[in-house]
């Protein structure tokens, strides 16, 4: 098993436990923008990959960022849909991904 994926998945699970609560309290922008910034930093680190430590750091940052962004976008998409179309909004969101 690849260690970088384990790091990514661990940080993704950690962030998802907090991202939903933060989204409910503060809104989608407070969750979305820092998450996108973490993804951007992870991509820069991957482009600059020097050793395994940088790879694991990028995996952790990407897990944190993706855990917040994906959760926030899904909740935002479902919240914007009318009550009778929330299931369709959720299905469309996952089809997009």
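Does region 5-23 contain any residue that is at pLDDT below 90, under 11 Å from the mean Cα position of the chain (by Cα), at negative phi and crowded, with 20+ Cβ neighbours inside 10 Å? Looking for residues that are at pLDDT below 90, under 11 Å from the mean Cα position of the chain (by Cα), at negative phi and crowded, with 20+ Cβ neighbours inside 10 Å, one finds at least one in region 5-23, hence yes.
Within region 61-97, the set of residues being at pLDDT below 90 and not in a helix (DSSP H, G or I) comprises 97 only.
Just a yes or no: is a residue in region 44-60 within 26 Å of residue 26 (Cβ to Cβ), at pLDDT below 95 and outside any helix (DSSP H, G or I)? No - not one qualifying residue is present in region 44-60.
The values are calculated or read from the model by the stated rules, or taken from the named source; none is laboratory data. These numbers come from a predicted model, not from an experiment. Heads up, the Cβs are rebuilt from the backbone with ideal geometry, glycines too, and the neighbour counts pull from every protein chain shown.
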